[in-house]
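The next block holds one structure in the form of structure tokens; read it before the comments.
The values are calculated or read from the model by the stated rules, or taken from the named source; none is laboratory data. Quick caveat: nothing in here was measured; it's all calculated off a predicted structure. Here Cβ is always computed from backbone atoms with ideal geometry, including for glycine, and neighbour counts include all displayed protein chains.
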Ligand SMILES: [Fe+2]
């Protein structure tokens with residue numbers, strides 16, 4: 001991105017790429033007791049994978065303009081006795097119910113209904129934004145919630161996938177769909193940006209629907225667009241990329257949400273380190289300009305903080321994912337594993353690319369390794385022999401110590417985020433477990449659930465779904 005985020009609709013003159021099926025609407029909702037299975041899955045895999053993602057990309061004749069705007073659908077794969085069952089349901093958000101009536105009523109990431117200036121300002125400065133929670137999901141106390149970047153997570157029933165309703169309201173207007181878990185306190189830790197005359201980043205904890213506490217905050221003049229953050233044992237870290245917004249412009253501008261943000265590389269990337277125990281912003285550091293959606297991990301080592309991300313050179317990836325663009329041409333951005341080393345006493349940030357391998361939608365052995373030293377990250381990648389040099393068509397495993405990389409690739413197939421499920425062995429190795437990934441087979445426009453050994457990326461089995469599953473974002477496994 002060389003300037004502000006812009007929208008460019010281009011006529012589709014070239015044939016559609018094979019992957020484009022992954023960006024088309026799925027209307028059907030199914031419940032299937034048993035999917036046809038090739039190979040086998042481990043007997044110990046006895047739980048449920050729930051995935052979230054956009055599945056409807058138009059409302060009547062009106063397009064939802066960006067991949068991030070599609071209406072949320074939950075997909076559930078349950079494992080038991082060597083079998084796999086499947087169900088899928090749209091999240092019955094207010095945004096979805098309005099869409100059923102043929103209306104786009106709520107402001108999405110890059111799609112805005114026609115609204116008056118007054119209504120626009122009211123939407124941003126009072127918490128009444130979209131509830132289209134299409135990005136991620138998690139457990140909150142005894143409940144399960146779907147999340148997007150706006151501050152109204154929606155609870156759902158993990159058995160039926162029925163929508164229950166708004167679970168809580170985050171204390172700001174732009175939230176993260178990537179909260180962290182604090183197992184000691186039994187809380188979710190998250191951040192939210194509060195826009196206003198005095199904008200600020202707020203780190204907060206949520207224990208259940210009603211128990212919310214503020215941990216720390218920091219004033220900011222032009223807030224950054226951030227999708228996730230890092231949590232070390234003592235510190236919460238915001239990496240504020242130079243994709244920033246003037247809050248007044250957000251309130252009064254005529255553009256959809258993300259198109260108000262501007263790329264200002266001269267500002268560099270700010271690293272804000274919050275001390276969770278002392279409840280304060282501890283230090284702030286400047287690094288080279290870059291952009292990232294996803295942190296991988298962060299931990300304290302030898303008087304410094306190590307912070308790993310899947311990072312892009314700039315924020316042009318956001319432009320690439322407008323539906324008209326991505327359906328006709330693959331993005332040309334290439335995210336890589338970037339490591340910051342931030343001194344706890346001092347200011348200079350060390351920066352190093354750990355691997356040139358394409359890495360997005362990263363997952364780690366979260367329960368054992370988040371906030372601690374770790375060795376392996378899994379994610380989606382782009383194979384050199386695939387359809388396009390920078391379109392996701394393989395799964396990768398990177399050893400962050402040695403840089404060694406393994407991959408899984410099948411021509412014409414497009415895998416999604418690989419969710420790591422640890423084996424139940426006591427004292428297991430970090431990579432002892434399986435990866436679960438929903439793969440679109442572009443050859444027959446159907447998807448399947450792929451089960452790989454997490455250590456070698458060797459295929460164990462796959463379970464076929466009778467329709468395509470549009471490309472989604474994130475999922476979680478519940479045992
Ligand atoms: Fe994400």
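Things worth noting here:
- Qualifying residue in segment 443-451 (condition: at pLDDT below 95 and within 16 Å of the ligand (Cβ to nearest atom)): no
- Yes/no for residue 242 being more than 15 Å from residue 285 (Cβ to Cβ) and crowded, with 22+ Cβ neighbours inside 10 Å: no
- Complete set of residues in segment 212-225 that are in contact (Cβ under 8 Å) with a residue 60 or more places away in the chain and either within 16 Å of the ligand (Cβ to nearest atom) or assigned to a loop (DSSP other than H, G, I, E, B) (or both): 225
- All conditions but one from (1) closer than 19 Å to residue 474 by Cβ; (2) more than 16 Å from the ligand (Cβ to nearest atom) apply to residue 175; the one that does not is (2).
- Subset tally (residues that are closer than 15 Å to residue 378 by Cβ and in contact (Cβ under 8 Å) with a residue 24 or more places away in the chain) for segment 432-457: 14
- Of all the criteria given as (1) within 16 Å of the ligand (Cβ to nearest atom); (2) touching a helix residue (DSSP H, G or I) at 6+ places or on another chain (Cβ under 7 Å); (3) modelled with pLDDT under 95, the one not satisfied by residue 68 is (2).
- Residue tally, condition closer than 23 Å to residue 217 by Cβ, surrounded by fewer than 20 Cβ atoms within 10 Å (Cβ to Cβ) and within 21 Å of the chain's Cα centre (by Cα), over segment 277-315: 0
- No other residue among 203, 164 is away from the ligand (no atom under 16 Å from the Cβ), over 27 Å from residue 256 (Cα atoms), touching a residue at least 12 places away in the same chain (Cβ under 8 Å) and over 15 Å from the mean Cα position of the chain (by Cα) apart from 164.
- Selection within segment 436-473 - under 21 Å from the mean Cα position of the chain (by Cα), assigned to a strand (DSSP E or B) and farther than 19 Å from residue 393 by Cβ: none
- Scan of segment 51-70 for residues that are surrounded by fewer than 24 Cβ atoms within 10 Å (Cβ to Cβ) and part of a strand (DSSP E or B), ordered by number: 56, 58, 59, 62, 63
- Those strands (runs of 3 or more DSSP E) lying entirely in segment 230-302 with at least 1 residues at pLDDT 95 or above and touching a helix residue (DSSP H, G or I) at 6+ places or on another chain (Cβ under 8 Å): 291-301
- Filter result for residue 324 (surrounded by fewer than 20 Cβ atoms within 10 Å (Cβ to Cβ) and either in contact with a helix residue (DSSP H, G or I) (Cβ under 7 Å, 6 or more places away or on another chain) or part of a loop (DSSP other than H, G, I, E, B) (or both)): no
- Selection status of residue 287, within 16 Å of the ligand (Cβ to nearest atom) and within 27 Å of residue 235 (Cβ to Cβ): no
- Single match in 217, 224 (criterion: buried (at least 22 other Cβ atoms within 10 Å of the Cβ) and either at pLDDT 95 or above or touching a strand residue (DSSP E or B) at 6+ places or on another chain (Cβ under 6 Å) (or both)): 224
- Where a residue in segment 226-243 is touching a residue at least 12 places away in the same chain (Cβ under 8 Å) and under 13 Å from residue 312 (Cβ atoms) and its partner, wherever it lies, is within 14 Å of the ligand (Cβ to nearest atom) and assigned to a loop (DSSP other than H, G, I, E, B), with Cβ under 6 Å and at least six apart: 243/225
- The one condition in (1) at pLDDT 95 or above; (2) buried (at least 24 other Cβ atoms within 10 Å of the Cβ) that residue 90 fails to fulfil: (2)
- Test for residue 420: is it in contact with a helix residue (DSSP H, G or I) (Cβ under 8 Å, 6 or more places away or on another chain) and within 27 Å of residue 237 (Cα to Cα): yes
- The strands (runs of 3 or more DSSP E) found wholly in segment 126-205 and carrying at least 2 residues that are at pLDDT below 95 occupy 163-166.
- Test for residue 335: is it crowded, with 21+ Cβ neighbours inside 10 Å, touching a helix residue (DSSP H, G or I) at 6+ places or on another chain (Cβ under 9 Å) and within 24 Å of residue 418 (Cβ to Cβ): yes
- Residue 96 vs. criteria more than 18 Å from the chain's Cα centre (by Cα), under 22 Å from residue 324 (Cα atoms), at pLDDT 85 or above and outside any strand (DSSP E or B): yes
- Every residue from segment 303-317 that is within 16 Å of the ligand (Cβ to nearest atom), farther than 13 Å from residue 242 by Cβ and not in a strand (DSSP E or B): 317
- Residues in segment 327-356 that are in a loop (DSSP other than H, G, I, E, B), within 26 Å of residue 20 (Cβ to Cβ) and modelled with pLDDT of 95 or more: 335 alone.
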